[in-house]
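Here the structure comes first, spelled out in structure tokens, and everything after it is commentary.
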Amino acid sequence: MAEKLNKRWVSLSKTSLDVAAAYQFLQTPAAGGIALFIGTTRQWTGSRETTLLVYESYEPMALREMHLLIDLAVRRWPISRACILHRLGEVPLAEASVLVGVATPHRPEAFEACRFLIDRLKVQIPIWKQEHFTDGQVHWIEGSEPPETTVT
Amino acid sequence: MVSFEVQLYSVLRSKLAAASVNLEIHDGITAGEVLDALCHRYPLMAPYRNIMRLAVNQEYAPESRIIHTGDELALITPVSGG
């Protein structure tokens, strides 16, 4: 009997993301596959060198939206476990800013659900990144499209 | 008239050098009218009029949503998490 319980873990934190804890959370006998995406601070964007990213969030709404995205994903794929963890404040080079993970019975839906969650997070969840460059410039990353919304 | 505090984040918080702004509006106006009123009162917001959304009680609100006294309001410009 497949496990119906879909456990979830969402969080915003100012400290390093604990990848081992996320993996442990995702482990379940119901799953044959775990997909885990980790977004990290990249040093170079074209010819510009980044020294640091700083994230801020409208926290209570971001947590609500994270739950909404998992609700949507659970309706589309047989997900036993899902987590969305995002770091706030300063994230130095190479460190993780976001971790999205899912556990599903088989590999294809693990990849699909994980991709869905990170793609939607990036256009929907009220979190913003500020980029600090080596030349001392600081700017907010500004998209050109209004945030996506979930139709429930 | 009712006074609302509207929370600002990211680029709007930086441009207006404030974590929130106050707006005097009539109870019962729509989210779209709130956005218009904010852009009129704070011209620095105007370039964002068509790409920002109003969050009402921590949810994205359609522009037709009616705003009532006590609602928690925040402006959400294009997001860039991840």
Query raised in the report: Looking at (1) surrounded by fewer than 15 Cβ atoms within 10 Å (Cβ to Cβ); (2) in contact with a His (Cβ under 8 Å, 6 or more places away or on another chain); (3) within 11 Å of chain A (Cβ to nearest Cβ), which is the only condition B:Pro62 fails?
Result: (2)
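Are any of the residues in region A:46-53 under 30 Å from A:Phe133 (Cβ atoms), out of contact with any Phe, Trp or Tyr (no Cβ under 7 Å at 6 or more places or on another chain) and modelled with pLDDT of 95 or more? Talk me through it step by step, then tell me what you get.
Let us first name the residues in region A:46-53 that are under 30 Å from A:Phe133 (Cβ atoms), namely A:46-53.
Pick out the ones that are also out of contact with any Phe, Trp or Tyr (no Cβ under 7 Å at 6 or more places or on another chain) and you get A:46-47, A:52-53.
Applying the additional criterion that residues be modelled with pLDDT of 95 or more yields A:52-53.
Looking through region A:46-53, at least one residue is under 30 Å from A:Phe133 (Cβ atoms), out of contact with any Phe, Trp or Tyr (no Cβ under 7 Å at 6 or more places or on another chain) and modelled with pLDDT of 95 or more.
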Query raised in the report: Going through region A:99-152 one residue at a time, which ones are closer than 18 Å to A:Gly89 by Cα, in a strand (DSSP E or B) and touching a residue at least 12 places away in the same chain (Cβ under 8 Å)?
Result: A:Leu99, A:Ile127, A:Trp128, A:Lys129, A:Gln130, A:Glu131, A:His132, A:Phe133, A:Trp140
Query raised in the report: Any idea which of (1) more than 21 Å from A:Ile125 (Cα to Cα); (2) away from every other protein chain (no Cβ under 14 Å); (3) loosely packed, with under 15 Cβ neighbours inside 10 Å is the one A:Ser80 doesn't satisfy?
Result: (3)
Query - Residue list for region A:11-67, filter: part of a helix (DSSP H, G or I) and over 13 Å from the mean Cα position of the chain (by Cα) - result: A:Ala20, A:Ala21, A:Tyr23, A:Gln24, A:Phe25, A:Leu26, A:Glu59, A:Pro60, A:Met61, A:Arg64
Report task. Residue by residue through region A:116-130, note down the ones that are more than 7 Å from chain B (Cβ to nearest Cβ) and in contact with a strand residue (DSSP E or B) (Cβ under 8 Å, 6 or more places away or on another chain). Result -> A:Leu117, A:Gln130
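Give B:Leu35, B:Leu75, B:Leu16 a once-over and let me know the one that is at pLDDT 95 or above, over 26 Å from A:Leu85 (Cβ atoms) and either at the interface with chain A (Cβ under 9 Å from one of its Cβ atoms) or in contact with a Phe, Trp or Tyr (Cβ under 8 Å, 6 or more places away or on another chain) (or both). Give the steps one after another, and end with the answer.
Details: B:Leu35 fails: either at the interface with chain A (Cβ under 9 Å from one of its Cβ atoms) or in contact with a Phe, Trp or Tyr (Cβ under 8 Å, 6 or more places away or on another chain) (or both); B:Leu75 fails: over 26 Å from A:Leu85 (Cβ atoms).
Just one listed residue meets the conditions, B:Leu16.
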Report task. Would you mention how many residues in region B:1-11 are assigned to a strand (DSSP E or B), surrounded by 14 or more Cβ atoms within 10 Å (Cβ to Cβ) and over 10 Å from the mean Cα position of the chain (by Cα)? Result -> 1
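Filter region B:37-56 for residues that are surrounded by 15 or more Cβ atoms within 10 Å (Cβ to Cβ) and part of a loop (DSSP other than H, G, I, E, B) and give the result.
Taking region B:37-56 and keeping what is surrounded by 15 or more Cβ atoms within 10 Å (Cβ to Cβ), we get B:37-39, B:42, B:45, B:48, B:51-56.
Selection gives B:Tyr42, B:Ile51, B:Met52.
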Query raised in the report: Any idea how many residues of region B:12-36 are in a helix (DSSP H, G or I) and within 14 Å of B:Ala74 (Cβ to Cβ)?
Result: 6
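Would you point out the residue of region A:57-77, among those that are of a type in the set (Gly, Ala, Ser) and within 10 Å of chain B (Cβ to nearest Cβ), that is nearest to A:Trp9 (Cα to Cα)? Don't jump to the end; show me each part of the working.
Initially, region A:57-77 is screened for residues of a type in the set (Gly, Ala, Ser), giving A:57, A:62, A:73.
Restricting the remaining residues to those that are within 10 Å of chain B (Cβ to nearest Cβ) gives A:57, A:62.
Working: A:Ser57: 18, A:Ala62: 13 Å.
Taking the candidates together, the pick is A:Ala62.
If you check A:Glu109, A:Glu90, which single one turns out to be more than 10 Å from chain B (Cβ to nearest Cβ) and within 20 Å of A:Tyr23 (Cβ to Cβ)? Lay out the reasoning, then the answer.
Working: A:Glu90 fails: within 20 Å of A:Tyr23 (Cβ to Cβ).
Residue meeting the stated conditions: A:Glu109.
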Report task. List every residue pair whose Cβ atoms sit under 7 Å apart, with the two residues 6 or more apart in sequence or on different chains, where the first one lies in region B:7-18 and is in contact (Cβ under 8 Å) with a residue 40 or more places away in the chain and the second, anywhere, is in a helix (DSSP H, G or I). Result -> B:Leu8/B:Leu16; B:Leu12/B:Met45; B:Leu12/B:Tyr48
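The values are calculated or read from the model by the stated rules, or taken from the named source; none is laboratory data. Keep in mind the model is a prediction, meaning the values are calculated, not measured. Note: ideal-geometry Cβ built from the backbone for every residue, glycine included; neighbour counts use all protein chains shown.
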